[in-house]
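The values are calculated or read from the model by the stated rules, or taken from the named source; none is laboratory data. On a predicted model such as this, the values are computed, not experimentally measured, just so you know. When we count neighbours, we look across all protein chains shown, and the Cβ atoms used for this are built from the backbone with ideal geometry, even at glycine.
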Amino acid sequence: MGKKINVIVDASGSMAEDDKNAVVKYLINGICNVKQEALYRDIQFVLFQWNSNSVRFDDLEKAKIVFRGRNTFEDLEPIMDELDSDSPIILISDGGFRSDDKNKIRNLSKKIIPIFVGMDANRTILRDLSTNNIVYSVADFMQALDDARF
């Protein structure tokens, strides 16, 4: 396997509202489908759930994300050893985490690419977190994947 892209899903309780969890499933399904394309075959997509029970999923296709609670930076500690700053992070979130955690999250990777979910998403926090000040919509998730490839 060549390059690794970490996909971190904000699995806080606010992501279970307004069918945001269905959108997350749609995005994960889209990533599963794109893995079959030639441009993405050598990329390892690693999926993480970020909440009070942060975990890594071994199988993207069978991942069962549980949405609950609030997110803090400290909730990322159980998965920190599996993240490396050289691998890009695609963060799927509504930006409903503490703004003071933003700088700590930014230090997890040299490249962070947020995809906002929900009309109530805090795009300001997500843009500040983004390496290139771009926050992608769900409709533009292929562009986010392409940006993560380079």
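Going by the structure shown, is residue 94 under 13 Å from the mean Cα position of the chain (by Cα) and charged (D, E, K, R)? Quick ask: steps written out before the conclusion?
Working: under 13 Å from the mean Cα position of the chain (by Cα): yes; charged (D, E, K, R): yes.
Yes, satisfied.
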(request) Name, by its number, the condition in (1) closer than 18 Å to residue 4 by Cβ; (2) in contact with a helix residue (DSSP H, G or I) (Cβ under 9 Å, 6 or more places away or on another chain); (3) surrounded by 14 or more Cβ atoms within 10 Å (Cβ to Cβ) that does not hold for residue 147. (result) (2)
(request) Among residues belonging to segment 97-141 that are acidic (Asp, Glu) and in a helix (DSSP H, G or I), point out the one that is farthest from residue 30 (Cα to Cα). (result) 100
(request) Select from segment 132-150 the residues that are in contact (Cβ under 8 Å) with a residue 24 or more places away in the chain and closer than 24 Å to residue 79 by Cα and list them in ascending order. (result) 141, 144, 145, 147, 148, 149
(request) Using the structure shown, decide if residue 121 is closer than 23 Å to residue 14 by Cα, surrounded by 14 or more Cβ atoms within 10 Å (Cβ to Cβ), modelled with pLDDT of 95 or more and touching a Gly at 6+ places or on another chain (Cβ under 7 Å). (result) yes
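Residues of segment 71-93 being within 23 Å of residue 149 (Cα to Cα) and either crowded, with 23+ Cβ neighbours inside 10 Å or not charged (D, E, K, R) (or both), which ones? Give the derivation first.
To start, the set of residues in segment 71-93 that are within 23 Å of residue 149 (Cα to Cα) comprises 79-93.
Correct list: 79, 80, 83, 85, 87, 88, 89, 90, 91, 92, 93.
Each row is one residue, and each column tells you yes or no for (1) over 14 Å from residue 4 (Cβ atoms); (2) in contact (Cβ under 8 Å) with a residue 24 or more places away in the chain; (3) of a type outside the set (Gly, Ala, Ser).
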{"site": "43", "(1), (2), (3)": "no, yes, yes"}
{"site": "74", "(1), (2), (3)": "yes, no, yes"}
{"site": "86", "(1), (2), (3)": "no, yes, yes"}
{"site": "91", "(1), (2), (3)": "yes, yes, yes"}
{"site": "96", "(1), (2), (3)": "yes, yes, no"}
{"site": "100", "(1), (2), (3)": "yes, no, yes"}
{"site": "124", "(1), (2), (3)": "yes, yes, yes"}
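So which of 11, 16, 22 ends up being over 22 Å from residue 147 (Cβ atoms) and crowded, with 18+ Cβ neighbours inside 10 Å?
Working: 16 fails: crowded, with 18+ Cβ neighbours inside 10 Å; 22 fails: crowded, with 18+ Cβ neighbours inside 10 Å.
Just one listed residue meets the conditions, 11.
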